[in-house]
Structure formats: structure tokens, C-alpha cells
Amino acid sequence: MIRFEQVSVTYGDATAPAVQGIDLTVPEGELCLLVGPSGVGKSTVLNAVCGLVPHFTGGTLRGRVTVDGRDTRTHKPRELADVVGTVGQDPLAHFVTDTVEDELAYGMESLGLAPDVMRRRVEETLDLLGLAELRDRALATLSGGQRQRVAIGAVLTTHPKVLVLDEPTSALDPAAAEDVLSVLQRLVHDLGTTVLLAEHRLERVVQYADQVILLPSPGAAPVMGAPADVMAVSPVHPPVVALGRLAHWSPLPLSVRDARRKAAALRTRLTGVTPPAPGAGQAVGGTGTGPGAASSVPAPRGDAVPDGIAAAVSGLGVRRGRTEVLHGVELTVRRGETLALMGRNGAGKSTLLSTLVGMHPPAAGSVRVGGVTPHRTGPRALLRHVGLVPQEPRDLLYADTVAAECTTADQDAGAPAGSCRAQVARLLPDVPDSVHPRDLSEGQRLALALAVVLTARPPLLLLDEPTRGLDYAAKARLIEVLRALAAEGHAIILATHDVELAAELAHRVVILADGEIVADGPTDEVVVSSPSFAPQVAKVLAPLPWLTVPQVADALEATA
Amino acid sequence: MSAPRATRTTALPAGAWWLWALGLATAASRTTDPLLLGLLVGVAGYVVAARRTEAPWARSYGAFVKLGLVVIAVRLVFAFFLGSPIPGTHTLVTLPEVPLPDWAKGVRIGGRVTAEGMVFALYDGLKLATLLICVGAANALAHPARLLKSLPGALYEVGVAVVVAMTFAPNLVADVQRLRAARRLRGRPDRGLPALLQVGMPVLEGALERSVALAAAMDARGYGRSADVPRAVRHTTSVLTLGGLLGVCAGTYGLLGEAGGGYGLPLLLAGLAAALGGLWLGGRRSVRSRYRPERWGVRAWLVAGSGIAVAALMIWANSYAPTALHPPAVPLTAPVLPLWPAVSVLVGLLPAFVAPLPPGGDRADRTASRGRGRAVDVDPRAKEPTP
């Protein structure tokens, strides 16, 4: 269905091709997963399928890409619109109309289908994706998962033979991600659609894939094969695969179900062994030298330092317009403690973080951060008490080089010249001063924003959804950095959907639902019992309280 | 014959609401009687209150009313300080007059302020305000973007550009808010003009990136596909459109100038016909079809017709009761409400009874059921906790 023949793509004035030597065939009716570290050209490959590379992005494409027999060199994206449906990373940015029903019809209108055909297909698609209730809703009012389903529905109505998706579940909470994936499953199984998707969160998708295409490093030729075979060699892999590799299971399990069947022996071996406290840094996948070696720091206990309270929230209520976003929130965070804030999209996680930096005045209750009340404190003074890295780290960066960014950060924080640069050197060893922040990768940009925030040495550090768009390597680096910061006595609050991150890092997990705290306790107690917030290792080894692969690896080494 | 609930099938075409509102506006432009104008505002307001949706633009009615009040105030302030050409005998106050040089003859600053002049200005301002409020009513009942959907095929792409631009404005506002909040995180003040200026660049960059992403998405979804049209038809289209537009220009010039009274009108009409022909032919290049277009049913005709009727009746009233419609400012007289013109304005209330009821329009019912503490079917859009 999709054929790449000796394809290489070179953009504009780049010296090296973005991808090269791509030679592969995706047969009809398969769900094919494209994996690889950041920056290996996954998006380039996806866009080459729908013709946006090279027609829209520019650059030179050598070789041939054919989709359903149509050559993308001679067919513009709009002429491929009836065979390829493309869903981008941020659905809201790609919506053309304003209501669900119009959006579903838009593609068909462009193709000029007859009105009765359009009507029938819209109704079918509404049912297929479970959107019938939402048909008259404005797109801007939908939740993340609903938007993603509408975006998929909007390209499905033209009955494309190929569906191309770029990170469809990255921004979603675990339940919404399940919804989207089950829709994709259904398309492949019932309608024979060929699906090609790229995704960083492999733990969510790899068990659904029929084929995996691995782009191991920039410029390297792709490896294609059955998921279990490719995962055995892949540098990016989900925790369940890591556990399988550790325990030498063969064939490698891809889903929790497969792994549980094989895990009986491992479970008996681990029974009776007490796992180390969660969050107290074990080394990550063998890279645990340097800042990650904070493993001796125990999880802070409540009574350790009497005045070590970094933030205290009591009876907090926040309203936006008529909506009460937070209600009766009680939360205390101590220095040196890492806390993961979880809950579905729209549960109030981001609002809680922004209330802690004084962006929303509380409607009820009180907020104290390091002895000050955030919304009554000037930004300059507040900077020394609390720092927030927003969901889009780019919002924090204004200058046009890394060096200029560091200089202004020093001025803003009133820190001695060079302190921000020192932070950058620590978090991002190999970034030259002259790079534009926009040209950094997602992980590098996050590190730069983190360095800027850390320049003022705030005792409380907040991160909103830090792992969005990060590959496993970047995530591992982030985990090391945050552990080291916690060991230095920073209190850290992460709002995240990433259960694996929470399991690796957090001492405590707080779950928000509809603006109220519904669970608050040590990570192992809260997540192990939860079906949607448990990490894969916990699901495999349940009822034993193990959360991460490094924990298990350490224990196995110790008992070997 | 009670009105059905508005769904996609029964919803009125946007054009019907605009015709109705323009009818009311035409009626307003034909009178300066403050009572009649007030009645027109009341009619428009009642229909809006009865039939507006809960969409964000439906709240724009209030903004237009405020704008109308501002217009009246400005008109009065000007009349107060700059005087008015209306001769009057009832002097309210006498302001010191600013002496002006000879070339500014006819302009006066300060001087006598007469009651007649102020009343005249009030009537005039009220008329303008009523026009604005009528447009506001149309805006609240049917978003102008919906009007663009009824454009002929050849102009479709222009329409999309306008719609996309309109959805960009709220996005831009959201971006500015987000980036100003982010300034706070860098320890810089988030209020004041400098804050707004410094986020300008990132906001523009973001807007540019979003437009590129949207353009890519639209391209990938088939925007701009065109049918193969024979060369001859393409050339005919260009000739007709260009020639038609030239004809319209020349015809207008002829009509406005003194010499061309004879050829102006025919040229204008011929130009218009040619341009319309060009548009129609141009539409053949577009392969698009329309999904569930709004239909002109009986109710649509009634709504549009009621507006047109108000306009026609008012124009007719100008012939049988000119003085009642234009109460003189000199000498000062109390305005009266002429019976028949007033009755004809009330025809404009028809849409409040025949137009389909918008979803969620039964606000009164909902509050009542809440008051009784019964389980309410919660609108999923509102995340308010149910009582």
C-alpha cells in the first residue's frame, strides 16, 4: 500500500539528508508503528507519505514514494486527499471549521462528494468513533481525547486507504489514549485501513502493532519487522520490554498480559524482597553515573525538618468564571520531596500549579509558598520562592541565542553573571551558545527552560507535563536531573500523565478529579492499586509493590 | 404552530436573520421619532432575547447596545461644544466662543447651546444607535461567518480565508494571555504596555507557525482541488469577470458624473450581469459540494418577510404621515407615537414566535427545575457542579 524506494530527503540548505536509504513496503490493512529517538526523521517519513514532503515543506526528495500506486512526486497533497488521511500532533491547530459535524464533512466537501453520500458517511463516522453525542458541539469545547477522535473522524469520512498519525496519544491521559487506540484497532480490523503511526509512548501502542519500523539513528537505514523482534534490538522500548529483556523472556512480551503469563517465576523470586523506596533514585537503565547517583538519599519523612515546608495549600478553591476548577484542596509539600500530580485532562492539575505561582487568586482557602502568598507577591520576589516550567517550555524563552537567554535570565533573577550558563552546562553539556532556542530539540528546550528557572534557585520547582514529546533517552536524562535537584533539597511537583515517570521519580502521588484531591499517598500505595495509573512493571508483578525496571534489576543483582 | 427546537435541519439560514435585521435598520433610517426608534430597539431586543443561542457571539448584542449609547453621547457632546445649525430660541447655556480665523468660516466652537439643537442631535444620534443595534441583533442571532458559507463557489476560497482569520483572533488573544503569564515566571512584570509589546514577537511567531500548520492540514485534506475546465471556458471566465468589473466602474462613473446620465445605468447593469456570469462560470472550476446547506423554508421566509414588511410599511408611512415620523425640533414639540407606523413596527416581532427555539433556550424551565432540586440534565459543556 505504501512503498518507499531508496528514499532520501534533504531540506533546504542542510548539509546532510534528514533521512536516507529508506526502502520499505507497508502492506494493506496493517497497523504499522514508526519508532526511534527524537530527531531521526519520523515526521519526515510520515509527511512523505501524504505528499507534504516535499510539496509543502520544500527540500529535495530522491527515490520514489508511492501510495496506492500514486507517486507523490506527481501528486500534490490535495490530490492524495482521497487515499491518505493525515492527523497531526495537535488536532486543534488543524481544525478548519468550528463544529464537530462540519469538521467531519469538510474533507468530503473538498472532494465534491454528493450530499446524500456525505450525510450517510457523517452518520456512520459519528457512530464508529462514538461521537454522536458531540455532533453539534464547538470544537474548542472538546476535551483532548474527543478532539483527537474528531480529528481522526474528519479524515476517515473520505474513506482513505491509509491513515497517518503523528503522536496521537502523547498529549492524552491514559484513559483517553485507550479510547483513541481502540478506534484505530477497529479501523484496522473492521475496515482494512492501513495505519502508519509514530509515537514516543511505546508502552501504550506497541502491543497493537502488526509491524514496527525502527529508525535507529539519524541517517541510518530503517529496520522493519515483527514488533517483538524489533523491540529486542531497539534503543527505545517500553518498560515491559525492558523487564522482558532483563528476565531473558523469549519471545519478548509486548503487553502486560503476555508478560504476566511469563512472570510467575520472577514473582516467586521477588516475593519477600522489599523494594527500595520509590523515587529514591535508582540508576536508570545503566546510565546512572553522575547526578543520578543520589541513590543514598532516602525519601524525606514528614517529621525530618520542622520548617522544611516548601508549599502549604489549605482549603483552596479556584474559580474561573462560573466554573469552580479547584475545590477544597489540601496539600503540603516538603523540601526534598518529589510529588506527582495526576488525573485526567481538565482535572485541575495545571490550575493548581499556576495558583502556586500566583496566576490565579484563590477564591477560598490559602496558599503559602516558602512564607509568601504567591498572588500578592511581585514576580521578581516570587521568582526566589517558586519556579514553574510550563507545558510549552518555549513560552519562557524570548532571546534568539542560548547565550542571550542566559544573560537575561541572570538579570531577571539578580544572580551573578554566568549562573544560568553554569546551569545550562550542567543540564545540557553539548549545546553551543549561538544556537537559537527554536532550533533545539524538545528535550534540549525543556532543559534550557529548566536552567532559566533554576537560575533564581527557587526551593519549589513545578513542572507541567514535562515528558510530552520526549523520547526515552531524554526522559532518562530528565529523571537524573530532577533526582539530583530533589537530593539538593528542592521540592518538586510534576503534573503528568506519564505513569512511568511518576513511578520512577515521585515519592508521593496526588490524584485530582474534578478539582478535588481523591488520593494522596506514597507512590507505591496509590498507583499499584489503580488500573489506569499503575506503571507496567506494577501491573506485571502485581500484587507485589514493584514499580520500575531498575528497582527489579537492583533486586535481582542483589539476590543473584 | 408552536416553533420547533432548532436543530441542524430546522435552523434558519443566516441570510433570513440578516434580511430581517436589515429591514428593521431600513425602517429606522426612515424616521427620527424617538418613540418609534425606541420601539424598534425594543422589538430587536425582544427577538434577540427570545431566540439567541448560547454561542459566544450571541453575547455581542450587549456590546452593540453599549456602542449605540456611546454614539448618542458622542453626538450630544459634539452638538454641545460645536453648536448646531438648527436655529433655536430656548438657550440652555452660553459657552464662551473661541475666535477662529477667517478661513474656518462656518465652524464654531462654543457659543450658544439651544434646547432645539440638543434635541435634534439626540434624535439624530438615536437613529444611528438604532441602526447599530439592528446590526448587533443580526450578529447575535446568526454569526456573519455563516453568511459566508452561502457564497457562490468561485468565491468560496475567499470565504474560507475570512473564516480562518476570524477564528485566529481568539487564538491570538489566548496566546497573548499565555505569554504574559509566562513573563511572570521569568520574574518580569506581566502588566502594562511594555509587557504587551515584548510578547508581540513570540505571539506573531506562534501565529505564523499555526497558519503554516493549518495550511498544511488543509492542503492534505483536499483544499484547493480543482476540476479540469476547458481552456475556452477559462478564458471566457476571465474576460467576463474583467469586462464586467470595468463595466461596473464605468457605469458608476457615468451615473455619478454629469455627462453620462444616458449611458450610465445600462452600462452598470451590463457590467453587473457580465461579472455575475463570470462568477458562475468560475464556480465550475471548483469541485466542492455543500454538506447540509441551510434550507429556506416557510419559517425562513416569514422571518425575512417580517423585516422586509417593516421596512416597506415604514417607507409607505413616510408618504401618509411625514410629520409624525419626523417630529420637528423647531419649534419644540413633544413627540407622539403615530398609531399605524407603530403597529407596522410590531410586525418585526414575528420571528420571536415563528423562528425555531435554540437549544438551551428554555433557560426558564431549567432554572425552575433546579429550584425544585430535581436531577438536572447537566450540559456537558458546563463543568459546574450540580447542586
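Structure summary
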| item | result |
| --- | --- |
| Single condition B:ASP228 does not satisfy, out of (1) at positive phi; (2) loosely packed, with under 12 Cβ neighbours inside 10 Å | (1) |
| Matching residues in region B:82-114 - criterion: being in a helix (DSSP H, G or I) and under 33 Å from the mean Cα position of the chain (by Cα) | B:LEU82 |
| Pairs with Cβ under 6 Å, 6+ apart, first in region B:213-224 and at the interface with another protein chain (Cβ under 7 Å from one of its Cβ atoms) and over 16 Å from A:LEU104 (Cβ atoms), second basic (Lys, Arg) and surrounded by fewer than 21 Cβ atoms within 10 Å (Cβ to Cβ) | B:ASP219/A:ARG78; B:GLY224/A:ARG78 |
| Exclusive hit being at pLDDT below 80 and over 20 Å from A:GLU337 (Cα atoms), set A:THR274, A:THR287 | A:THR287 |
| Hey, B:ARG188 at the interface with chain A (Cβ under 8 Å from one of its Cβ atoms), out of contact with any Phe, Trp or Tyr (no Cβ under 9 Å at 6 or more places or on another chain) and either in a helix (DSSP H, G or I) or over 19 Å from A:PRO393 (Cα atoms) (or both) or not | no |
| Residue selected from region A:344-366 under the condition within 11 Å of chain B (Cβ to nearest Cβ) and assigned to a loop (DSSP other than H, G, I, E, B), by the criterion nearest to A:ALA513 (Cα to Cα) | A:ALA347 |
| Matching option when the condition is more than 30 Å from B:VAL336 (Cβ to Cβ) and touching a strand residue (DSSP E or B) at 6+ places or on another chain (Cβ under 6 Å), among B:ALA3, B:ALA16 | B:ALA3 |
| Residue in region A:65-76 that is within 11 Å of another protein chain (Cβ to nearest Cβ), part of a helix (DSSP H, G or I) and within 33 Å of the chain's Cα centre (by Cα) present | no |
| Residue among A:ALA415, A:ALA347, A:ALA399, A:ALA409 that alone is surrounded by fewer than 16 Cβ atoms within 10 Å (Cβ to Cβ) and hydrophobic (A, V, I, L, M, F, W, C) | A:ALA399 |
| Counted residues, region B:1-37 - those being in a helix (DSSP H, G or I) and under 20 Å from B:LEU346 (Cβ atoms) | 17 |
| Positions within region A:83-94 being more than 8 Å from chain B (Cβ to nearest Cβ), in a loop (DSSP other than H, G, I, E, B) and closer than 20 Å to A:LEU111 by Cβ, in sequence order | A:VAL83 |
| Single match in A:GLU330, A:GLU337 (criterion: surrounded by fewer than 20 Cβ atoms within 10 Å (Cβ to Cβ) and more than 13 Å from chain B (Cβ to nearest Cβ)) | A:GLU330 |
| Selected residue [surrounded by fewer than 22 Cβ atoms within 10 Å (Cβ to Cβ), of a type outside the set (Gly, Ala, Ser) and not in a helix (DSSP H, G or I)] from A:PRO253, A:PRO235 | A:PRO235 |
| Of all residues in region B:286-307 being crowded, with 16+ Cβ neighbours inside 10 Å and within 14 Å of another protein chain (Cβ to nearest Cβ), the one that is nearest to B:VAL239 (Cα to Cα) | B:SER286 |
| Test for B:VAL107: is it free of Cβ contacts under 8 Å to residues at least 24 places away in the same chain, exposed (fewer than 14 other Cβ atoms within 10 Å of the Cβ), assigned by TED's automatic domain parsing to the domain that holds B:LEU141 and in contact with a helix residue (DSSP H, G or I) (Cβ under 9 Å, 6 or more places away or on another chain) | no |
| Listing of helices (runs of 4 or more DSSP H) fully contained in region A:441-540 that carry 2 or more residues being modelled with pLDDT of 90 or more | A:442-454, A:472-487, A:499-505 |
| Residues satisfying the stated conditions in region A:129-156, i.e. over 26 Å from B:THR9 (Cβ atoms), part of a helix (DSSP H, G or I) and of a type in the set (S, T, N, Q) | A:GLN148 |
| Strands (runs of 3 or more DSSP E) contained entirely in region A:1-63, each with at least 2 residues that are among the hydroxyl-bearing types (Ser, Thr, Tyr) and farther than 30 Å from A:ARG186 by Cβ | A:2-10 |
| Condition check for B:GLU116: assigned by TED's automatic domain parsing to the domain that holds B:MET314 and either surrounded by 21 or more Cβ atoms within 10 Å (Cβ to Cβ) or within 27 Å of B:ILE315 (Cα to Cα) (or both) | yes |
| Qualifying residue in region A:128-145 (condition: of a type in the set (Asp, Glu), more than 30 Å from B:GLY283 (Cα to Cα) and out of contact with any helix residue (DSSP H, G or I) (no Cβ under 6 Å at 6 or more places or on another chain)) | yes |
| First in region A:153-173 and among the aromatic types (Phe, Trp, Tyr), second anywhere and surrounded by fewer than 24 Cβ atoms within 10 Å (Cβ to Cβ), Cβ under 6 Å, 6 or more apart | none |
| Condition met for B:VAL233 (within 13 Å of chain A (Cβ to nearest Cβ) and either in a helix (DSSP H, G or I) or of a type in the set (Val, Ile, Thr) (or both)) | no |
| Of the criteria (1) facing another protein chain (nearest Cβ under 10 Å); (2) in contact with a Leu (Cβ under 6 Å, 6 or more places away or on another chain); (3) within 12 Å of A:LEU454 (Cβ to Cβ), which one A:ALA409 fails | (2) |
| Criterion: in a loop (DSSP other than H, G, I, E, B), of a type outside the set (Val, Ile, Thr) and more than 7 Å from chain B (Cβ to nearest Cβ) - qualifying residue of A:LEU165, A:LEU172, A:LEU126 | A:LEU172 |
| Verdict on B:PRO387 being within 14 Å of chain A (Cβ to nearest Cβ), exposed (fewer than 14 other Cβ atoms within 10 Å of the Cβ) and either within 21 Å of B:ARG5 (Cα to Cα) or at pLDDT 85 or above (or both) | no |
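Residues checked against (1) of a type in the set (S, T, N, Q); (2) touching a residue at least 24 places away in the same chain (Cβ under 8 Å); (3) not assigned by TED's automatic domain parsing to the domain that holds A:GLY130:
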{"residue": "A:PRO37", "(1), (2), (3)": "no, yes, no"}
{"residue": "A:SER43", "(1), (2), (3)": "yes, yes, no"}
{"residue": "A:THR66", "(1), (2), (3)": "yes, yes, no"}
{"residue": "A:GLY69", "(1), (2), (3)": "no, no, no"}
{"residue": "A:PHE95", "(1), (2), (3)": "no, yes, no"}
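The values are calculated or read from the model by the stated rules, or taken from the named source; none is laboratory data. No experiment lies behind these values; they were computed from the predicted model shown. Counting neighbours? That spans all protein chains shown, and the Cβs are built from the backbone with ideal geometry, glycine included.
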